[in-house]
Amino acid sequence: MPTPNTPSVPEGITLHTDTLYRSAEYGDNWCITWADDDSQITSMDDGDWLGSRAGGENRRGFHNRLYRIIGDARDFERQELTGYPDFSGPEGSWFGYGIICVDGVVYSAASRTPGDAWSGPFRGIKLLKSADGGQSWSRVDRHGAERSLAADDEARNLDTAEEMFSLEEFGRPHLQQSAYPFSFVDFVQHGQNNGLAPDDYIYVYGPEGAHAHELLLARVEKSQLGERDKWRYWSGEDAGRPVWSPDIEQRRPVHVFPDRSAGGDFFGWYSWLPSVVFNPGLGLYIMVNGGTYAGRGLTSSDEDYYDKWMHTKTGSLGFWYAENPWGPWQQFYYTDYWTADDPGNLTYQPKLSPKWISEDGREMVLIWSDAMKDDEGKSHTVNYKWNQMAISLH
């Protein structure tokens, strides 16, 4: 691994706005993994990325879908994984985030909202598993037991403790209202099919629900990902070495982001879900992340922190690097309010492609979501879709 002050340590970025591409169809969030067949698989929320499903004109018709991306950053095609459980309609409200392909098996973590529409904080996650490239799926309970779950299976929307991988557990209060750790997550990406992993662990990041600027980290042996009691939680360091505790109550933040902008606007609960990608050309982990501002008055009150209309201002954007999956993370770019190409952008949920990286590691592809308003002031309209551009690391 390189050490600080070597030429391969990033010190800044260039955003190549001339490469900006947006898909025609709606959707957001775009957590992404690099599968064993060389495609990428992305989760997508509240949309229909191909515009081909019944009701597809209603961009909010499908809370959570998966799509396969075939090709390079400048020329790719998309295919829906139609065997994935159809999380749509009033029967349930699920939003997909963390996704990873490891040893030919795809795992997807779907987060459950408190009600039957978008709101927070999330109650927990349902863990889904596919061993045939995304054609068929099973749910995995907290003990690792699997049950087949067809796309239209009525059980897909069950959110009992027996069905969920986690459910309203180990919460902490923001002020008075509690939220839950690892209730929406993303996995560290180690190249194609997890093939560049330095060990046999899967690393899982998630914000501390009630204090989203505090970043949590867990790890689990890849063969035991579906067994909740085998997860170990970062709980500090001992003589510079990470300490992993089996007790989630011992969790500590592995990194702390700002809880507000320099101007005093507070971030809300739907913030700081990282996208962490191993960059083999640099021999470093690169993280992109951003805060999404609290709703209404942008204060630290419970009402603002948990407000479901959090896109009052465009989100922040930052980049960090580290030599290990657990950091320590060194910042090399940050702005409180990032707009991609228009002052009306309301950006959030930045991601990095784990595949579209140049051989020397200096070129990557940034992906993000945008809640930009239309001329009538309605949000999540103009650029509410897949957004991407090339970036250069200095």
Open item on the list: Under 20 °C and 1.002 mPa s, how fast does the chain diffuse according to Stokes-Einstein, given a Kirkwood radius computed over C-alpha pairs? Answer in µm²/s, whole number.
Closed with: 103
Task: Quarter of the Cα convex hull surface for the stretch 86-150, i.e. its orientation-mean projected area (nm²) - done: 4.7
- [ ] Mind giving me the FRET efficiency for ARG241 and ARG22? R0 is 45 Å, r the Cβ-Cβ distance, nearest 0.05 is fine.
- [x] 0.55
Open item on the list: Straight-line reach only, C-alpha to C-alpha below 21 angstrom: list the lysines that LYS308 could link to, leaving out same-chain residues fewer than 8 apart.
Closed with: LYS373, LYS378, LYS385
Task: Cα→Cβ-extended label distance, 7 Å offset, between GLU11 and ASP153, nm - done: 5.4
Task: Computed [θ] at 222 nm, helices only, for the chain once each DSSP H run of length n ≥ 4 contributes -39500 (n - 2.57) - done: 0 deg cm²/dmol
TODO: Mind checking the stretch 153-200 for GluC sites (Glu not before Pro) that DSSP puts in a loop (not H, G, I, E or B) and that have at most 14 other Cβ atoms within 10 Å?
DONE: GLU162
TODO: Can you quote the Å³ per residue value for the convex hull of the Cα atoms in the stretch 195-246, rounded to an integer?
DONE: 109
Open item on the list: Which lysines, if any, have their Cα less than 19 Å from the Cα of LYS129, not counting same-chain residues under 8 positions apart?
Closed with: LYS222, LYS230
Task: For the stretch 341-384 and the stretch 180-258, distance of Cα centres in Å - done: 26
TODO: Determine the share of the stretch 247-333's accessible area contributed by carbon and sulfur atoms, expressed in whole percent, with a 1.4 angstrom probe.
DONE: 47
Task: Lys/Arg +1, Asp/Glu -1 at C-beta; the stretch 258-394 dipole; positive extreme among LEU298, ALA340, SER358 - done: SER358
Open item on the list: Based on the alpha-carbon set only, what is the convex hull volume of the stretch 230-383 divided per residue, in Å³?
Closed with: 151
TODO: With no solvent and one equal point scatterer placed on each C-alpha of the stretch 154-201, evaluate the Debye formula and give log10 I(q)/I(0) for q = 0.23 Å⁻¹, two decimals.
DONE: -0.87
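The values are calculated or read from the model by the stated rules, or taken from the named source; none is laboratory data. Worth saying up front: this structure is predicted, and the values here are computed from it rather than measured. Note: ideal-geometry Cβ built from the backbone for every residue, glycine included; neighbour counts use all protein chains shown. Areas reflect the complete protein model, heavy atoms only, side chains present, ligands, DNA and RNA absent. Shrake-Rupley method; radii C 1.70, N 1.55, O 1.52, S 1.80 Å.
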